[in-house]
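K.L.:
Can you read through this structure? Questions will come right after.
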Amino acid sequence: MTSPDGSLLVARELRKSYGPTAALDDAAFSVHPGEVVAVMGPSGSGKSTLLHCLAGIVRPDSGSITYAGRELTTMSDSERSALRRGEFGFVFQFGQLVPELTCVENVALPLRLNGTGRKEAERAALAWMERLEVDDLRRKRPGQVSGGQGQRVAVARALVTGPRVLFADEPTGALDSLNGERVMELLTDAARSTNAAVVLVTHEARVAAWSDREIVVRDGRSRDMERIA
Ligand SMILES: Nc1ncnc2c1ncn2[C@@H]1O[C@H](COP(=O)(O)OP(=O)(O)OP(=O)(O)O)[C@@H](O)[C@H]1O
């Protein structure tokens, strides 16, 4: 279920303080299914806090967040973690793969945690690894692959459960520009083909250029930027 204007995830009047620091101060956000929205802004402006609130990781002090018509801010912790496991996918800057597992085991992990058998989970994992062009790395461990390859494995893992929202916090932050472009191309293609909404936090204009729309956060306040294509 989406809101009347077709948005899947909508936030209004979000406020979140850490002690005397107002990380969010009347922030707003919305994203449609299949839409890639970049959250831009200087360091410390509140981008990650906004992403963490939208993903149900951090509870705002006030304001509303609705996902598919359901209010997130009043859900119990277990309801929010069920939502994260079932409906959301996550890609971070680095350090997200389990070093002891092979790449295919890493990609299969979210399915295994949801109770899928090993064979079926690894079959689905491999299909996503093929799409992200890292299936040849299936038996390698994260320490044996490059940064760009590792990020593509991480994207495959984020998408393997068929999330309706993909949260990506500086997904190319640790990559050189060529690898970063490739990860963004594959990430946005994969998300658009599954009609997943993407919330992409980045401070880099060339990464935000992969989005459909940009939101700029400054001092905890957000505003929509008309895309200058
Ligand atoms: N857990 C926390 N405890 C205390 N202060 C926090 C915490 N998380 C964020 N902050 C503060 O809130 C403000 C916003 O931080 P946030 O991480 O959201 O910014 P950001 O725009 O993502 O920054 P960056 O681009 O540097 O990652 C900053 O002043 C930060 O120091």
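The values are calculated or read from the model by the stated rules, or taken from the named source; none is laboratory data. Worth saying up front: this structure is predicted, and the values here are computed from it rather than measured. Glycine also receives a Cβ, built like all others from the backbone with ideal geometry; neighbour counts cover every protein chain displayed. We work out accessible area using only protein heavy atoms, side chains counted, and drop any ligands, DNA or RNA first. Shrake-Rupley method; radii C 1.70, N 1.55, O 1.52, S 1.80 Å.
K.L.:
For region 8-36, which positions are closer than 16 Å to ILE65 by Cα, buried (at least 16 other Cβ atoms within 10 Å of the Cβ) and touching a Phe, Trp or Tyr at 6+ places or on another chain (Cβ under 9 Å)?
P.N.:
Once the filter is applied, which keeps residues that are closer than 16 Å to ILE65 by Cα, buried (at least 16 other Cβ atoms within 10 Å of the Cβ) and touching a Phe, Trp or Tyr at 6+ places or on another chain (Cβ under 9 Å), region 8-36 yields LEU8, LEU9, VAL10, ALA11, LEU14.
K.L.:
Of the residues PRO99, PRO33, which is in a loop (DSSP other than H, G, I, E, B), touching a Leu at 6+ places or on another chain (Cβ under 7 Å), more than 16 Å from the ligand (Cβ to nearest atom) and not aromatic (Phe, Trp, Tyr)?
P.N.:
The unique qualifying residue is PRO33.
K.L.:
In region 106-139, which residues are surrounded by fewer than 13 Cβ atoms within 10 Å (Cβ to Cβ) and closer than 17 Å to ARG85 by Cβ?
P.N.:
Once the filter is applied, which keeps residues that are surrounded by fewer than 13 Cβ atoms within 10 Å (Cβ to Cβ) and closer than 17 Å to ARG85 by Cβ, region 106-139 yields LEU113, ASN114, GLY115.
Here's the yes/no breakdown for (1) open to solvent by 20 Å² or more (accessible area, probe 1.4 Å); (2) more than 16 Å from the ligand (Cβ to nearest atom); (3) within 29 Å of HIS203 (Cβ to Cβ):
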{"residue": "LEU50", "(1), (2), (3)": "no, no, yes"}
{"residue": "ALA55", "(1), (2), (3)": "no, no, yes"}
{"residue": "ARG59", "(1), (2), (3)": "yes, no, yes"}
{"residue": "GLY63", "(1), (2), (3)": "yes, no, yes"}
{"residue": "GLY69", "(1), (2), (3)": "yes, yes, no"}
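K.L.:
Can you pull out every residue in region 182-199 that is open to solvent by 10 Å² or more (accessible area, probe 1.4 Å) and not small (Gly, Ala, Ser)?
P.N.:
Once the filter is applied, which keeps residues that are open to solvent by 10 Å² or more (accessible area, probe 1.4 Å) and not small (Gly, Ala, Ser), region 182-199 yields ARG182, GLU185, LEU186, ASP189, ARG192, THR194, ASN195.
K.L.:
Let me ask something else. Restricting attention to region 170-229, which residues are away from the ligand (no atom under 13 Å from the Cβ) and among the polar types (S, T, N, Q)?
P.N.:
Scanning region 170-229 gives THR172, SER177, ASN179, THR188, SER193, THR194, ASN195, SER211.
K.L.:
Among the numbered criteria (1) on the phi < 0 side of the Ramachandran plot; (2) assigned to a loop (DSSP other than H, G, I, E, B), which one does LEU51 miss?
P.N.:
Unmet condition: (2).
K.L.:
When residues of region 51-69 are filtered for being of a type outside the set (Asp, Glu), touching a strand residue (DSSP E or B) at 6+ places or on another chain (Cβ under 7 Å) and farther than 21 Å from GLY6 by Cα, how many remain? Steps first, answer last, please.
P.N.:
Just the residues of region 51-69 that are of a type outside the set (Asp, Glu), to begin with: 51-60, 62-69.
Now drop any that are not touching a strand residue (DSSP E or B) at 6+ places or on another chain (Cβ under 7 Å), which leaves 51, 53-55, 58, 60, 62-67.
Applying the additional criterion that residues be farther than 21 Å from GLY6 by Cα yields 58, 60, 62.
Residues meeting the conditions: 3.
K.L.:
With the condition being in contact with a helix residue (DSSP H, G or I) (Cβ under 9 Å, 6 or more places away or on another chain) and without any contact (Cβ under 8 Å) to a residue 24 or more places away in the chain, I'd like the helices (runs of 4 or more DSSP H) fully within region 126-229 carrying at least 2 qualifying residues.
P.N.:
Output list reads 177-193.
K.L.:
Here is a check on your reading of the model: is SER17 within 16 Å of the ligand (Cβ to nearest atom), of a type in the set (Ser, Thr, Tyr) and part of a strand (DSSP E or B)?
P.N.:
yes
K.L.:
For residues in region 71-89 being touching a residue at least 60 places away in the same chain (Cβ under 8 Å) and surrounded by 17 or more Cβ atoms within 10 Å (Cβ to Cβ), which is farthest from the ligand (Cβ to nearest atom)?
P.N.:
GLU87
K.L.:
Working only within region 156-181, note down all residues that are hydroxyl-bearing (Ser, Thr, Tyr) and open to solvent by 10 Å² or more (accessible area, probe 1.4 Å).
P.N.:
THR161, SER177, listed by residue number.
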